[in-house]
Amino acid sequence: MSDDSSQTPVQSAADGQGQAMWGGRFTAKPAELMQAINVSIGFDRRLAAQDLAGSRAHAAMLRKQGVISSADEAAIQQGLADIEAEMAAGTFPFREEYEDIHMNVEARLRELIGPAAGRLHTARSRNDQVAVDFRLWVRDACRRVEGQLRGLQAALVAKAEAHAETLMPGFTHLQPAQPVTFGHHLMAYVEMFGRDASRFADAAKRMNECPLGAAALAGSPFPIDREATARALGFDRPTANSLDSVSARDFALEALADATICGTHLSRLAEEIVVWMTPQFGFIKLTDAFTTGSSIMPQKKNPDAAELVRAKVGRLLGSFTQLSVVMKGLPLAYSKDMQEDKVPTFEAFDALELSLAAMAGMVADLEPVAARMAQAAGSGFSTATDLADWLVRTLDLPFRDAHHVTGAAVKRAETLGCDLADLPLSELQALNQGITADVYDVLTPRASAGSRRSYGGTSPEQVRAQVARWKEMLK
């Protein structure tokens with residue numbers, strides 16, 4: 001998928017000479033192994049829609065600039081429309097002897113309209129052709145993923161709104177820390193996925209410059225209008241340096257980096273679903289729609305969808321690493337190494353889009369086991385911080401002193417085998433005589449969660465406020 005010439009091809013394999021379209025310099029066919037390593041049509045056929053769009057814009061610009069005739073442009077546009085129809089019908093003859101999507105389209109165009117097809121490649125190269133095709137594809141992929149992320153956020157917001165008061169334990173170090181609400185926990189992921197969506201939107205905006213017209217690497221001597229082709233393809237502007245235009249793949253690297261970050265967020269939520277589904281936790285249930293059974297153990301109900309989403313981040317990170325390694329040592333401008341940019345990018349976005357769809361489905365499907373969550377919310381002396389805060393607010397103890405008293409109360413409760421809320425008042429007063437029975441009002445998980453009313457806190461009123469904010473943002 002490279003071309004070191006921006007001139008009209010003088011020969012095609014369809015001429016019966018067995019040579020590629022770039023074959024004028026060559027007198028023999030490539031070796032079979034050369035053909036095998038060189039061909040890319042097996043994967044870059046996914047760029048067909050973008051390649052046709054770029055060719056339409058290029059042909060229209062060439063005619064407007066007087067580089068080709070109106071008759072040739074009309075024939076080219078009709079031929080491209082016929083090719084698009086063949087592709088839609090599944091009858092387009094993709095052929096490996098033409099290497100890539102660009103040569104396949106041009107060869108078929110020549111078969112359909114004759115010599116006028118050869119004028120389409122005037123003032124462009126496969127180098128800028130693939131650069132614009134790939135930018136268009138990655139830009140579209142970023143926008144698709146941004147939309148999917150909004151859908152996932154909407155599912156999380158709906159579930160959070162329904163469970164703004166459902167108690168669960170909040171964890172640090174995977175140890176019970178403080179009671180929170182399930183709605184608050186889910187809204188944390190809404191924030192994460194919101195940042196992911198903004199990263200994809202930002203990447204799409206940054207890559208929205210058109211390389212078409214940079215030709216092989218140095219620009220074109222023809223009187224082309226790069227602003228016109230950029231506008232026709234929905235770009236903000238043309239790229240400003242022809243060398244950079246054909247050799248840059250940082251737009252794909254940025255998109256893959258964003259995909260990897262998004263994948264880590266998906267993986268964290270997937271991990272929690274896996275953990276919550278275990279009998280030891282028993283926090284949630286998934287229906288048969290997102291679980292599978294065992295071939296030998298009839299009782300099993302496995303969260304395989306979540307496990308597979310959790311694993312996909314490896315593919316995403318691998319794709320980012322793969323393209324980074326391809327690009328890290330390449331001199332300007334184009335090198336054939338860059339043909340290896342597409343497979344990892346295609347695979348990464350396939351994996352990401354499938355994972356986002358699966359996660360949105362699981363979020364809508366899952367239901368918390370509220371009684372089990374509430375029971376766990378009070379475990380591990382999770383209201384200890386509330387006792388310390390009460391001592392500060394009510395008795396005006398310095399927090400470090402209150403922390404020490406609370407630690408002693410936890411130790412005494414452990415000895416007696418009870419929770420803090422069940423510790424006799426006499427035991428608490430033995431630690432500090434100022435403690436009164438009012439302290440028990442803050443030692444329940446519901447009171448603890450309800451008291452966290454600071455902005456972004458876990459109280460039901462704060463959760464509902466954030467739900468309302470995100471519902472408005474997601475409209």
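The values are calculated or read from the model by the stated rules, or taken from the named source; none is laboratory data. Because the structure is predicted, anything quoted here is derived from the model rather than measured. Please note: Cβ atoms are built from the backbone with ideal geometry, for glycine as well, and neighbour counts cover all protein chains shown. Quick note on the areas: whole protein, heavy atoms, side chains included, nothing else; ligands and nucleic acids left out. Shrake-Rupley method; radii C 1.70, N 1.55, O 1.52, S 1.80 Å.
From Arg446, Arg372, Arg469, which residue is more than 26 Å from Phe281 (Cβ to Cβ) and either modelled with pLDDT under 95 or in a helix (DSSP H, G or I) (or both)? Break it down into steps so the answer makes sense when it comes.
Working: Arg446 fails: more than 26 Å from Phe281 (Cβ to Cβ); Arg372 fails: more than 26 Å from Phe281 (Cβ to Cβ).
Of Arg446, Arg372, Arg469, the one residue that is more than 26 Å from Phe281 (Cβ to Cβ) and either modelled with pLDDT under 95 or in a helix (DSSP H, G or I) (or both) is Arg469.
Tally the residues that are under 23 Å from Cys262 (Cβ atoms) and either outside any helix (DSSP H, G or I) or touching a residue at least 60 places away in the same chain (Cβ under 8 Å) (or both), restricting the search to segment 290-313. Residues flagged as under 23 Å from Cys262 (Cβ atoms) and either outside any helix (DSSP H, G or I) or touching a residue at least 60 places away in the same chain (Cβ under 8 Å) (or both) within segment 290-313 amount to 2.
All of (1) within 20 Å of Arg126 (Cβ to Cβ); (2) open to solvent by less than 40 Å² (accessible area, probe 1.4 Å) hold for Ala75 with one exception: (1). The residue pairs whose first member lies in segment 54-81 and is within 13 Å of Ala117 (Cα to Cα), whose second member is part of a helix (DSSP H, G or I) and among the small types (Gly, Ala, Ser), and whose beta carbons are closer than 6 Å, counting only pairs six or more residues apart or on different chains, are Asp72/Ala116; Glu73/Ala59; Ala75/Ala116; Ile76/Ala59; Leu80/Ser55. In segment 276-289, the residues that are of a type in the set (Gly, Ala, Ser) form Cβ pairs under 9 Å with partners that are assigned to a loop (DSSP other than H, G, I, E, B), at six or more places apart or across chains, as follows: Gly282/Val369.
Quickly run through segment 339-372 and pick out the residues that are small (Gly, Ala, Ser), open to solvent by 10 Å² or more (accessible area, probe 1.4 Å) and in contact (Cβ under 8 Å) with a residue 24 or more places away in the chain.
Here is the first cut: in segment 339-372, the residues small (Gly, Ala, Ser) are 348, 351, 355, 357-358, 360-361, 364, 370-371.
Subsequent filtering for residues that are open to solvent by 10 Å² or more (accessible area, probe 1.4 Å) retains 357-358, 360-361, 364, 370-371.
Result: Ala357, Ala358, Ala360, Gly361, Ala364, Ala370.
Looking only at residues that are open to solvent by 10 Å² or more (accessible area, probe 1.4 Å) and in contact with a Leu (Cβ under 9 Å, 6 or more places away or on another chain) in segment 137-162, which one is farthest from Trp470 (Cα to Cα)?
Step one: of segment 137-162, the residues open to solvent by 10 Å² or more (accessible area, probe 1.4 Å) are 137, 139-140, 143-144, 146-148, 150-151, 154-155, 158-159, 161-162.
Then drop every residue that is not in contact with a Leu (Cβ under 9 Å, 6 or more places away or on another chain), which leaves 137, 148, 150-151, 154, 159.
Values: Trp137: 29, Gln148: 15, Arg150: 10, Gly151: 12, Ala154: 8, Lys159: 13 Å.
Across segment 137-162, the extreme among qualifying residues is Trp137.
The one condition from (1) assigned to a helix (DSSP H, G or I); (2) open to solvent by 10 Å² or more (accessible area, probe 1.4 Å); (3) modelled with pLDDT of 95 or more that Glu97 does not meet is (3).
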